[in-house]
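**Q** Here it is: the structure, laid out below.
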Amino acid sequence: MRRIEPGEPCLTAAEISARFAAEAGIELHPTNVGKAAKALGLDYLERAAEPVPGQQWSKPQRLYAEADLPAIFASLQAVANSRRSP
């Protein structure tokens with residue numbers, strides 16, 4: 001596993017999912033990004049999620065390195081391809 005360096009640009013799963021949709025034209029839920037990153041054994045950072053009014057608890061957001069996007073996108077493309085197959 002490659003460690004994320006201090007100051008390295010990182011994105012949330014939602015941001016990666018949106019970028020994948022823009023580039024590939026395929027929308028996948030951000031959960032798929034997390035599953036892909038976990039399967040690839042990628043490093044991540046955690047930060048507190050933005051508070052939502054009325055919500056008492058929220059899970060920390062995971063941030064993945066921008067340098068790992070090609071591997072994540074390849075994994076997301078495989079997921080999308082498997083869903084199109086009969």
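The values are calculated or read from the model by the stated rules, or taken from the named source; none is laboratory data. Here the structure is a predicted model, which is why all the values come from computation and not from measurement. Backbone-built Cβ (ideal geometry, glycine too); neighbour counts: all protein chains shown.
One line per residue, one yes/no per condition, for (1) in contact with a helix residue (DSSP H, G or I) (Cβ under 7 Å, 6 or more places away or on another chain); (2) of a type in the set (Lys, Arg); (3) at pLDDT 90 or above:
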| site | (1), (2), (3) |
| --- | --- |
| Ile4 | no, no, yes |
| Leu11 | yes, no, yes |
| Arg47 | no, yes, yes |
| Gln55 | no, no, no |
| Tyr64 | yes, no, yes |
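**Q** In segment 18-44, which residue that is touching a Leu at 6+ places or on another chain (Cβ under 8 Å), in contact (Cβ under 8 Å) with a residue 24 or more places away in the chain and assigned to a helix (DSSP H, G or I) is farthest from Ala80 (Cα to Cα)?
**A** Arg19
**Q** Test Glu8 against the criterion of being touching a strand residue (DSSP E or B) at 6+ places or on another chain (Cβ under 7 Å), more than 21 Å from Ala78 (Cβ to Cβ), touching a residue at least 40 places away in the same chain (Cβ under 8 Å) and not basic (Lys, Arg), and give yes or no.
**A** yes
**Q** Which of the residues that make up segment 40-58 are within 22 Å of Ala78 (Cα to Cα) and either exposed (fewer than 10 other Cβ atoms within 10 Å of the Cβ) or within 10 Å of the chain's Cα centre (by Cα) (or both)?
**A** The answer is Gly41, Tyr44.
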